[in-house]
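Chemist: Have a look at this one.
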Amino acid sequence: MRPFDYVRPATIGEAIAALNAVPDARALAGGTNLVDLMKYEVARPSRVVDINRLPLHDIEETAEGGVKIGALVSNADLAWHPLIETRYPLLSSALLAGASPQLRNAATTGGNLLQRTRCHYFYDTATACNKREPGSGCGAIGGVNRNLAILGASDACIATHPSDMCVALRALDARVHVEGPDGARIIAFADFHRLPEETPQFDNTMRHGELITHIELPATRLDTHYSYLKLRDRLSYAFALVSVAAALTLEDDRITDVRVALGGVAHKPWRNEALEAEMVGQMPDAAVFSRFATALLHDAKGQGQNDFKIDLARRTVIRTLTQAAAATPQPQTRKSIL
Amino acid sequence: MADTSGFIGKPVIRVDGVAKVTGAARYAAEYHTEDLLHAVAVSATITRGKILSIDTEAALAVPGVVHILTHENRPDTARWDLSYRDMVGPPGHPLRPLYDEHIHHNGQPIALVIAETFEAARDATVLVNAQYDVEAHLTDFAVARASAYDPPKRRMGIKPPQPRGDPQTAFATALVKIEAEYHLAAEIHNPMEMFAATVILDADGVFNVYDKTQGALNVQFYLTQVFKLPAKKVRVIAPYVGGAFGSALRPQPSVYLAMLAAKALKRSVRVTLSRAQMFDLSCRPETLNHIKLSADSTGKLTSIHHHAIGHTSAYEDHQETVVNWSGLLYQCANVDMGYKLIKLDTMSPGDMRAPGAAVGVFALESAMDELAYALDIDPLDLRRINYADHDQNDDKVFTSKALRDCYDQGANAFGWAKRSSAPRSMREDRDLIGWGVAGGVWDAPYSPVPTRARAELSHTGHLTIISGAADIGTGTYTIATQIAAETMGLPIEAVTVRLGDSKDPFAAPEGGSMMAASVGSAVQAACQKLQKALFKAARDLPDTPFKGRKFKEVAFRDGQMIAGDVAVPFTDIMTAVERETLGVTATVLSNYLSTQKYISYAHTAVFAEVRVDEDLGVVRVTRLVNAVAAGRILNPRTARSQITGAMVMAIGQALHEETLTDHRLGRIMNHNFAEYHIPAHADVIDLDVIFVDEADTRVNPIGAKGLGEIGIVGTAAAIANAIFHATGRRMRDLPITLDKVLYSDG
Amino acid sequence: MTQVQFTLNGHSTSADIPPWVTLLDFLRERVHLTGTKKGCDHGQCGACTVLIDGKRFNSCLILAVSRDGAEITTVEGLADGPILHPVQQAFLDHDAFQCGYCTPGQICSAIGLLNEGRAESREDIREYMSGNLCRCGAYTHIADAVEAVLEASK
């Protein structure tokens, strides 16, 4: 860990100023990823801005019937908040599928969005990684890549975004409130994370000096037909090989709204709204889900060790949609898959 | 006086338990002294080649950094390989960290940063900049396979038995036969405690070495040889060991580096390794088994072929007993076995829980399952049909073998009779259900070297048992306490056991399931000797109440020596003889004559239930029943823990564990607990252990066979066989990840 | 150097430390409370679990300075003199450990689980204890211990 200057601002304004003043300053919230990356010398900020004292710990209802979640709300508190459990159980479920109880107590809502890939090469400073060190190459291509991307990757980077929470947020059309030196703005979740292209060092579209202040969830009716299903190499406390957040609404046995987001397969939570739209008006049956899943994975490309994830993702999409349609969401404490 | 009899065989609560649940138990990195320095190793980032230069200037400039050791400025150490050979190391040239510029494997220590604080040492390591002359390396087993060789020097006499009968003809002419290859990935021991050593240099110039080791005496021996120090100057202490599973049998670079630094700086130093560095120490070797089995129509085996290749390092020939079990477990007249090595540019593999058996028996017991299906005979019946009542490998008599009872009692507890034999014939909801069985076997040896223990009775009536042996979580403290308390007729609380100190009586490193039997027997012998000493002291008193009594007439009970109606408390005897303490040391040896005729093994029958999601390939091991025949069970509570613990490790072996190496770099990439998966709580559902009665008066004086290894043997095969029964897919490559369940067949 | 103050196992503790010292290293190396274990130093094993204001955390991923003012309980602070905490006693009774190295973290984690009040079944216990790895494989016995305390508290 490189020695750094530690500041603990009391207001959002002070925090933004403290971040903005130092080009490589980083905001510290739960620390579950940043401190880890600092120990590995992957993150080497010369200034750490501890934002834990900022007033961003609340969850409140919005006038439009949604909720606004403070960036410092812990993953555990968010998962078990009555408003989230009743109105956005998909989010609650995705949160409980992630990490461990200890990590969920520390990890924050804002920090979860900013967690970095779990690619082995990104973490190992003895190897090449364009995300860690632009221009050094991608060790994972042709290397150990079982856990890496099958969609939206580039020749520069095949990393995946490891979050479970973000997969649900993508399905729920969350909005990210950020505040920076130039004021506040709102970023649609779809536009928050980005694909690696030629600049994989940038995970998202935030600008230097900006802070996430809130996540806003719009009002939905996705509280009955939903499920979050995560497949991994052991039954808990592991990152996803593939995860799927699915939610839909039905009227007269026909689909009126459907959302499907994939985790563990791309540099960002993966979703295809155009294909989802094709399911609207159809019966929620196996044929429809299968057609959708096949189309969703149509452009997927394996890297050798992770080729299996293409068919696995297709199967997982079908199963998750089936669970959602039947209103039998996968409980995260239950390991038999419904 | 509390109860003082019948402790052996009772579920006595761990005597070191309170220390462990309160945080009072201290491990190697947890000893402190005023001026302690902290050191962190720098690891090589290439796999093979030479260090051209190491630039330490920037690292030395970090505030708090005291010194950086490299091969260029290290203190003098021994020159000859022999000095680096520990008591259990394999043939070859032991690695000498920081000795010269040569790199033999990725992750080899190349420098040690020593600082006033842990943080300064850790943070300076990244500033050490090595330049290398890189040479070509080979880490890919599949590529190296063609160059397999017979190890020219055998480790501890490990070699396959001579072939018997005419296996080639038997196989060629058999009506029913199977042939297959079984591959197992390299595994890392990964005890929860990371390797560390704290060397505290005292005023007398003695290096007090708190190390993570299964053999304090082995480390002391090694350090005195390497650093050319007299034994009295090096004391190695390891009262608590945070798991080891074989990884702490040999001295690891942590203790070597800590001594190197302490010697160079004449200061007390602690070296702690990182979890990533734990992947550079040792491993279970990657192993390939080739098996051919044939049988007649009744299921009787007509031939067994088992040839294995294990990997070793470029510098040593690590060897383990992989194939011999196949000539032992079943009766068969025609057997052919072979064991070869291949060299890879990795660290030397080492013994890991049931070395050899955990890989070889997996292959044999998977093949037996395949044969059962080829014969259309129940897999358990096939094993009964081929039951071996005699050891054909060595033509010896088993001191005991209750494996039939394991089959019967295990099957009964599991409900095996309700099994529908066809693959894919049992299901519930979306799960395919599979039931599998496998057998397990492990040596029940006596320590090959003498084992010593000391018993000291104080004037207060407190008994202290002392041995240089170790308790790595296995329960040695507790069973030694039980044996001592029962033998001397004292309550458990009146006995203290001291272990893990090199200045104490000799015991071999804690491995191979020998500890309970060897140390247990030594403790018993020491206590019996103490009884005699106490009796003699009492009888020789001028006004002795034991006048005319013989030792065999005396009993030791309730803290008293009793003869007829005379009962005298130990404390009174000690007072009368005016002794502060009365101490004796006993030595036990294996009975050479007995070992010429008899041989001892522990056995198991393991039954597994898996549930496999048919569409997604997710496997859950929902039930495991392990029926164990291991002689006398000294403490069913700690014994059960040893077996269930090994079963958990077997779940990891079967489903999770493998090193993922980038062969272009020769580097293990998943060198952390997030990506090298060991089972978590959620993966372990229902484990049952049955200890079948097995009286054995020949194996050793206390009648116990060790339990450290046997629980893992056969368990992975039972799981793989259950997955076949569930899915119809034969899994011949461990670990069985969900992609293999979905997309591969063998 | 930054000044921090904690209530550590009921006692007020303050120190001047660099901000890059983790809570785990602070406990082990600076105040010599070595009951809290380092098993990976990266939040991947749970051996370093402590209770902060009654909730369980991986102390290896927390900069000590960032928890200034917090109430921290480690395994050393659980027993009341010779009277063990019910979870400690249950671990002893159920032989829920072997080498003992993950044990302090398992115990603190179990207390955190009980405080959360979310675990109702054996299945829940397994999932909500999954942040604590045990290489000796004491899992079923740990679940027995936690279940016993959970049942007793109902």
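The values are calculated or read from the model by the stated rules, or taken from the named source; none is laboratory data. As the structure is a computational prediction, the values presented were derived from the model and not from experiment. As a convention, Cβ positions derive from the backbone with ideal geometry for all residues, glycine included, and neighbour counts pool all protein chains shown.
Chemist: Is there a residue in the stretch B:309-331 that is touching a helix residue (DSSP H, G or I) at 6+ places or on another chain (Cβ under 6 Å), among the hydrophobic types (A, V, I, L, M, F, W, C), closer than 21 Å to B:T173 by Cα and outside the structural domain of B:I46 (by TED's automatic domain parsing)?
Modeler: Checked the stretch B:309-331: no residue is touching a helix residue (DSSP H, G or I) at 6+ places or on another chain (Cβ under 6 Å), among the hydrophobic types (A, V, I, L, M, F, W, C), closer than 21 Å to B:T173 by Cα and outside the structural domain of B:I46 (by TED's automatic domain parsing).
Chemist: Which residues, counting only those in the stretch B:690-746, are of a type in the set (S, T, Y), over 18 Å from B:N289 (Cβ atoms) and more than 14 Å from chain A (Cβ to nearest Cβ)?
Modeler: B:T697, B:T727
Chemist: Quick one: count up the residues across the stretch B:265-305 that are in contact with a His (Cβ under 7 Å, 6 or more places away or on another chain) and over 23 Å from B:G652 (Cα atoms).
Modeler: Count: 4.
Chemist: If you check B:V625, B:V648, which single one turns out to be part of a strand (DSSP E or B) and either within 30 Å of B:A494 (Cα to Cα) or in contact with a helix residue (DSSP H, G or I) (Cβ under 9 Å, 6 or more places away or on another chain) (or both)?
Modeler: That would be B:V625, the only listed residue that is part of a strand (DSSP E or B) and either within 30 Å of B:A494 (Cα to Cα) or in contact with a helix residue (DSSP H, G or I) (Cβ under 9 Å, 6 or more places away or on another chain) (or both).
Chemist: Let me ask you something else. Hey, among the residues in the stretch B:109-138 that are within 14 Å of chain A (Cβ to nearest Cβ) and touching a Gly at 6+ places or on another chain (Cβ under 6 Å), which one's surrounded by the most Cβ atoms within 10 Å (Cβ to Cβ)?
Modeler: For the stretch B:109-138, the residue satisfying everything is B:A115.
Chemist: Okay, moving on. In the stretch B:225-274, what residues are within 14 Å of chain C (Cβ to nearest Cβ) and surrounded by fewer than 21 Cβ atoms within 10 Å (Cβ to Cβ)?
Modeler: Listed by number, the list holds a single entry, B:P239.
Chemist: Here is a further query. Please go through the stretch B:583-613 and pick out each residue that is surrounded by fewer than 19 Cβ atoms within 10 Å (Cβ to Cβ) and at pLDDT 95 or above.
Modeler: B:G583
Chemist: Suppose we keep only residues that are within 14 Å of chain B (Cβ to nearest Cβ) and in contact with a Gly (Cβ under 8 Å, 6 or more places away or on another chain) within the stretch A:138-162. Which one would you say is farthest from A:G302 (Cα to Cα)?
Modeler: A:P162
Chemist: Based on this model, can you work out whether B:K536 counts as over 39 Å from the mean Cα position of the chain (by Cα), part of a loop (DSSP other than H, G, I, E, B), of a type outside the set (S, T, N, Q) and over 21 Å from B:I702 (Cβ atoms)?
Modeler: Judged against the criteria, B:K536 is not a match.
Chemist: With the checklist (1) in contact with a Phe, Trp or Tyr (Cβ under 9 Å, 6 or more places away or on another chain); (2) under 30 Å from B:R732 (Cα atoms) in hand, flag the one item B:S297 doesn't pass.
Modeler: With respect to (1) in contact with a Phe, Trp or Tyr (Cβ under 9 Å, 6 or more places away or on another chain); (2) under 30 Å from B:R732 (Cα atoms), B:S297 is out only on (1).
Condition check ((1) touching a Phe, Trp or Tyr at 6+ places or on another chain (Cβ under 8 Å); (2) over 30 Å from B:Y339 (Cβ atoms); (3) assigned to a helix (DSSP H, G or I)) across all residues:
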position: B:T198; (1), (2), (3): yes, yes, no
position: B:N218; (1), (2), (3): no, no, yes
position: B:K232; (1), (2), (3): no, yes, yes
position: B:S254; (1), (2), (3): yes, yes, yes
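Chemist: State which residue is farthest from C:R126 (Cα to Cα) when the search covers only the stretch B:671-683 and only residues that are without any contact (Cβ under 8 Å) to a residue 24 or more places away in the chain and in contact with a Leu (Cβ under 7 Å, 6 or more places away or on another chain).
Modeler: Once the filter is applied, the top-ranked residue is B:A680.
Chemist: Within the stretch C:103-113, can one find any residue that is facing another protein chain (nearest Cβ under 7 Å), part of a strand (DSSP E or B) and crowded, with 24+ Cβ neighbours inside 10 Å?
Modeler: no
Chemist: Check whether at least one residue in the stretch B:228-239 is in the same structural domain as B:G652 (by TED's automatic domain parsing), without any contact (Cβ under 8 Å) to a residue 40 or more places away in the chain and aliphatic (A, V, I, L, M), and report yes or no.
Modeler: no
Chemist: Among the residues of the stretch C:131-147 satisfying the criterion of being over 23 Å from C:N58 (Cβ atoms) and out of contact with any His (no Cβ under 7 Å at 6 or more places or on another chain), which is nearest to the other protein chains (Cβ to nearest Cβ)?
Modeler: So, considering only residues that are over 23 Å from C:N58 (Cβ atoms) and out of contact with any His (no Cβ under 7 Å at 6 or more places or on another chain), the one nearest to the other protein chains (Cβ to nearest Cβ) is C:T140.
Chemist: Identify all residues within the stretch A:192-224 that are β-branched (V, I, T), in contact with an Asp or Glu (Cβ under 8 Å, 6 or more places away or on another chain) and more than 30 Å from A:L321 (Cβ to Cβ); write none if there are none.
Modeler: The answer is A:T213, and nothing else.
Chemist: Here is a further query. So C:S130 passes all but one of these: (1) surrounded by fewer than 19 Cβ atoms within 10 Å (Cβ to Cβ); (2) within 17 Å of the chain's Cα centre (by Cα). Which condition number does it fail?
Modeler: Among (1) surrounded by fewer than 19 Cβ atoms within 10 Å (Cβ to Cβ); (2) within 17 Å of the chain's Cα centre (by Cα), C:S130 violates only (1).
Chemist: Given the residues B:H93, B:H38, B:H67, which is the only one that is farther than 29 Å from B:Q524 by Cα, within 14 Å of chain C (Cβ to nearest Cβ) and touching a residue at least 40 places away in the same chain (Cβ under 8 Å)?
Modeler: B:H38
Chemist: Need the failing condition index for B:I13 against (1) part of a loop (DSSP other than H, G, I, E, B); (2) out of contact with any Lys or Arg (no Cβ under 8 Å at 6 or more places or on another chain); (3) facing chain C (nearest Cβ under 8 Å), just the number.
Modeler: (2)
Chemist: Oh, and also: Output yes when any residue across the stretch B:208-218 is surrounded by fewer than 24 Cβ atoms within 10 Å (Cβ to Cβ) and either more than 30 Å from C:N132 (Cα to Cα) or in contact with a strand residue (DSSP E or B) (Cβ under 7 Å, 6 or more places away or on another chain) (or both), and no when none is.
Modeler: Yes, the conditions are met somewhere in the stretch B:208-218.
Chemist: Could you pull out every one of the strands (runs of 3 or more DSSP E) wholly within the stretch C:7-83 that has 2 or more residues that are away from chain B (no Cβ under 11 Å), crowded, with 19+ Cβ neighbours inside 10 Å and touching a Cys at 6+ places or on another chain (Cβ under 9 Å)?
Modeler: Counting at least 2 such residues, we get C:49-52, C:55-58.
Chemist: Give the residues of the stretch A:229-256 that are in contact (Cβ under 8 Å) with a residue 40 or more places away in the chain, farther than 16 Å from A:S93 by Cβ and assigned to a loop (DSSP other than H, G, I, E, B), sorted by residue number.
Modeler: A:Y237, A:F239
Chemist: Going by the conditions given, is C:F97 within 9 Å of chain B (Cβ to nearest Cβ), assigned to a loop (DSSP other than H, G, I, E, B) and within 14 Å of B:K20 (Cβ to Cβ)?
Modeler: For C:F97, the condition - within 9 Å of chain B (Cβ to nearest Cβ), assigned to a loop (DSSP other than H, G, I, E, B) and within 14 Å of B:K20 (Cβ to Cβ) - is met.
Chemist: Taking the stretch A:287-338 on its own, how many of its residues are more than 10 Å from every other protein chain (Cβ to nearest Cβ), more than 24 Å from A:I255 (Cβ to Cβ), in a loop (DSSP other than H, G, I, E, B) and not polar (S, T, N, Q)?
Modeler: Residues meeting the conditions: 3.
Chemist: Give the residue, chosen from B:R353, B:R452, that is outside any loop (DSSP other than H, G, I, E, B) and not β-branched (V, I, T).
Modeler: B:R452
Chemist: Residue check: is A:V42 within 13 Å of another protein chain (Cβ to nearest Cβ), part of a strand (DSSP E or B) and out of contact with any Gly (no Cβ under 7 Å at 6 or more places or on another chain)?
Modeler: Here the answer is no, as A:V42 does not meet what is asked.
Chemist: Across the stretch B:534-544, what is the number of residues that are more than 15 Å from B:T581 (Cα to Cα) and surrounded by fewer than 18 Cβ atoms within 10 Å (Cβ to Cβ)?
Modeler: 5
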